[in-house]
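See below for the structure under consideration.
Rule-based calculations on the coordinates, nothing more; no lab input. Note that the coordinates shown come from a computational prediction; the quantities given were computed from them, not determined experimentally. Note that each Cβ is placed from the backbone with ideal geometry, even for glycine, and that neighbours are counted across all protein chains shown.
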Amino acid sequence: MLMPFCKAAGSLCIVAAGMIFGESKARALGRRVRELEQFQRSLKLLEIEISFSRTLLPHAFQAVGRQLEPPLEELYRAAAGKLTAGEERSAREIWEDALAGVYPQTFLTAADREIISGLGVSLGVSDQEGQLEQIGITRQRLELALETAREQRKRNEKMWRYLGLAGGAALVILLL
């Protein structure tokens with residue numbers, strides 16, 4: 001008498017786990033798009049801070065970080081903190097270090113990280129125009145990555161949801 005109930009409950013749990021897995025994969029695609037959009041916004045803010053306010057890099061990072069949400073807020077704040085601490089490293093190394101600390105908390109891909117890492121090329125090394133040019137290049141590359149991420153989300157979001165449900169149902173069928 002208890003056996004059919006246990007099988008039904010177990011089956012339901014397996015299907016639910018498959019659905020949760022599919023939903024988490026689908027949401028990860030959406031989170032990546034939002035993080036790329038937020039980073040693009042942060043570049044616009046950084047560009048404004050450097051060009052119009054003529055703010056020093058650590059202060060520009062702090063100002064941008066205050067206007068963002070985690071985890072990108074943490075990226076700018078960590079970079080600003082390390083720059084103001086007077087570490088004996090270049091701004092590029094500090095940017096890379098801050099990015100390495102935040103990257104595991106994001107939904108960004110390795111290609112996205114490479115684009116964001118490229119921002120550090122001219123930070124603190126070139127003049128204002130060189131830094132603004134590098135920000136512009138990074139924004140253009142990020143726009144392409146954002147278009148790709150939006151296409152992937154549009155194409156794969158439903159697939160992951162259905163795949164989770166179908167995978168859970170297939171596993172139940174195999175086990176019964």
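Summary of computed values
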read-out: From phi via Karplus (6.51, -1.76, 1.60), per-residue ³J(HN,Hα) for segment 32-38 in Hz, x at Gly/Pro; value: 4, 4, 5, 5, 5, 5, 5
read-out: Label-point gap, in nm, between Arg27 and Ala166 - each point 7 angstrom along Cα→Cβ; value: 2.3 nm
read-out: Farthest positive-ward along the chain dipole, Cα basis, beta-carbon charges - from Thr84, Val64, Ile94; value: Val64
read-out: Spin-label model distance (nm) - Glu69 vs Arg155, 7 Å beyond Cα toward Cβ; value: 2.6 nm
read-out: Highest average packing first - 81-89, 60-68, 15-23, Cβ atoms within 10 Å; value: 60-68, 15-23, 81-89
read-out: Förster radius 25 Å - calculated FRET efficiency between Thr84 and Arg54, Cβ distance, rounded to 0.05; value: 0.90
read-out: Computed E for Leu174/Arg34 - FRET, C-beta separation, R0 30 angstrom, nearest 0.05; value: 0.25
read-out: Which of Ala9, Val33, Phe52, positive extreme of dipole for segment 1-53 (C-beta unit charges); value: Ala9
read-out: Cα-centre dipole for segment 32-150 with unit charges at Cβ (Lys and Arg positive, Asp and Glu negative), debye to 20; value: 240 debye
read-out: Full-extension gain in nm, Asp127 to Glu93, via 0.36 nm per residue minus C-alpha separation; value: 10.5 nm
read-out: Label-zone membership for segment 152-176, site Lys7, 7 angstrom Cα→C-beta point, backbone N under 20 Å; value: 168-176
read-out: Fraction of the pair-distance distribution of the chain above 22 Å, Cα-Cα pairs, percent; value: 53 percent
read-out: Burial order of peptide ranges 26-36, 70-80 (average beta-carbon count within 10 Å, highest first); value: 70-80, 26-36
